[in-house]
Amino acid sequence: MTAHAVRLESAGASVTVVSSERAVTDWSARYFGPWWKAAEVPSESVCTGAVVTAAVDTSQYDDVSFAVTQAPHTSTEYARAQLLLARDVSAGTVRATSPKQALAYRSEPGAGRLDVFGCQTEDVATATARLAREMMRGQLLRDGWAVLHASAVVDENGRTVLTLGSKGAGKTTTALALAAGGGYGLLANDRVFVRPNDRGGVDVLPWPSAAALGLGLLKALGWFAEVRERLEAGESLHPTQDGRVTEAIRTGDSTPMWDGGKELKAQVFPDQFPEWFGVPLATEGEAAALVFPRIDREAVPAVEERDRSLSDRDFMSGATEDRYPDVFGLLGMDGGGAVGARREVARLLAELPHHSVVLGHDLAENAHFLSGLTKGCG
């Protein structure tokens with residue numbers, strides 16, 4: 001059986017995805033390629049290093065799932081679905097099954113190997129990419145990187161503007177205003193890897209992920225019609241998108257959608273930013289300024305006298321990583337990075353310009369204001 005392999009690389013970390021299904025490896029190449037290096041390699045060359053193998057195979061899924069349920073196991077939530085876990089400490093393995101998603105896993109963290117089995121190609125491809133990213137995260141964290149809950153954009157000189165704040169503060173709005181109208185490249189939508197460098201600064205790497213954009217934001221950016229046309233032509237957004245959002249876009253309804261207090265948003269693939277919207281993606285940068293936004297529909301963009309600075313809650317950690325806990329032993333440490341690494345990053349970032357701002361709903365106005373505020377920082 002022919003096997004296909006794609007190697008992911010960033011800052012010295014690497015993971016190889018291997019599958020007999022080209023659609024699975026193509027998915028990882030597409031998902032990570034715009035931000036991390038992703039290159040096809042001969043499958044026979046994959047003999048060392050971290051590996052995620054993926055199989056669309058109902059019988060293997062059944063076998064692993066049966067083994068989990070027949071052994072002592074626990075239940076947790078992973079990727080918003082129930083996951084049953086059976087650990088064999090003596091063998092150094094973790095087996096798991098997600099009945100709702102029809103996915104099963106076998107992890108050997110000591111050997112740097114994880115196997116994914118499932119019944120549907122798209123589900124297997126999505127899970128494989130997610131776990132390959134977790135393997136990469138583990139390597140980067142062990143190499144001194146930390147994970148900051150921030151959006152980021154980079155100018156032509158590599159100077160990076162980090163936007164921080166709690167959920168709904170306007171991180172995505174700020175980043176996309178600068179990327180779409182301020183001449184910046186988009187580095188990350190929601191979180192970034194950060195590490196002190198030998199120049200006394202902080203290097204920044206992307207955290208590849210789909211970007212969640214509200215329907216109102218899509219319209220304000222002038223992208224709603226483009227997305228609608230693309231969907232009508234047979235293209236698609238990320239499969240995690242709620243079907244109600246897809247239907248609203250198809251019917252031309254850009255009214256923000258809510259479900260139980262949670263906004264339902266479009267889920268945009270990384271490569272769709274340059275291909276659909278003409279927004280370039282950046283692959284690295286060095287922190288130059290911090291922006292702490294607040295959104296007020298009627299506001300004229302302005303600097304505010306708010307006392308806001310970086311804090312420990314701006315870093316991701318095991319306590320805040322509720323969607324993807326380290327159940328497979330891929331990280332080997334706190335999901336946000338070592339305490340010492342976070343503290344050193346925080347110390348260095350505290351020395352950079354900080355801007356507390358209020359933004360309105362006029363994206364062009366926001367972009368003009370933010371660009372003038374941040375250009376030349378550092």
Of all C-alpha pairs within region 81-197, those more than 20 angstrom apart amount in percent to 59
Can you bin every Cα-Cα distance in the chain into 10 Å intervals starting at zero and give me the percent of pairs per bin, rounded to whole numbers? 5, 23, 31, 26, 12, 3, 0
The chain: antiparallel DSSP beta bridges as a percent of all, rounded to 5: 70
For residue 355, enumerate residues with amide H under 5 Å from its amide H, sequence gap 5+ or separate chain, H modeled in the peptide plane. 290, 291, 292
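Over the chain, with every protein chain in place, what whole percent of the accessible area is carbon and sulfur at 1.4 Å, could you tell me?
For the chain, the apolar C and S fraction of the accessible surface comes to 47 percent.
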Taking every pair of distinct Cα atoms and averaging 1/r, then inverting, what Kirkwood hydrodynamic radius in Å comes out for region 1-87? 14.8
Please work out how much accessible surface residue 51 shows to a 1.4 Å probe, ignoring ligands, DNA and RNA, in Å² rounded to 10. 20
Given Cβ charges of +1 for Lys and Arg and -1 for Asp and Glu, the option among 331, 289, 372 whose Cα lies farthest towards the positive end of the dipole of region 240-378 is 289
Along its principal axes, what span do the Cα atoms of region 179-289 show, with the longest given first and each in whole Å? 52, 31, 23
Heavy atoms of residue 171: accessible area, 1.4 Å probe, square angstrom to 10: 10
Need one number: nm distance between label points at residue 306 and residue 76, each 7 Å from Cα along Cα→Cβ, rounded to one decimal. 3.4
Which whole-number value in Å² is the accessible area per residue of the chain, probe 1.4 Å? 43
Quick check: pseudo-label points 7 Å beyond the Cα along Cα→Cβ at residue 88 and residue 59, how many nm apart are they? 2.0
Bounding extents of region 145-243 in its principal axis frame from Cα atoms, largest first in Å, are 50, 26, 25
Taking a probe of 1.4 angstrom, what is the accessible area of residue 66 in Å², to the nearest 10? 130
Candidate lysines - alpha carbon under 24 Å from residue 100, same-chain residues fewer than 8 apart omitted: 262, 265
Could you tell me the relative contact order of region 1-112? Use alpha-carbon pairs under 8 Å, at least six residues apart, and round to a whole percent. 19
The Rg/Rh figure for region 273-365, Cα atoms and Kirkwood Rh, to two decimals is 1.05
Ranked packing of 230-241, 124-135, most packed first, by mean Cβ within 10 Å: 124-135, 230-241
What number does region 270-323 give for Rg over Rh if you use C-alpha atoms and the Kirkwood radius? 1.05
Relative contact order (%) - the chain, alpha-carbon pairs under 8 angstrom, separation at least six: 18
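The values are calculated or read from the model by the stated rules, or taken from the named source; none is laboratory data. Remember, it's a predicted structure, so these values are computed and weren't measured experimentally. Note that each Cβ is placed from the backbone with ideal geometry, even for glycine, and that neighbours are counted across all protein chains shown. What goes into the accessible areas is simple: the full protein's heavy atoms, side chains included, and nothing from ligands, DNA or RNA. Shrake-Rupley method; radii C 1.70, N 1.55, O 1.52, S 1.80 Å.
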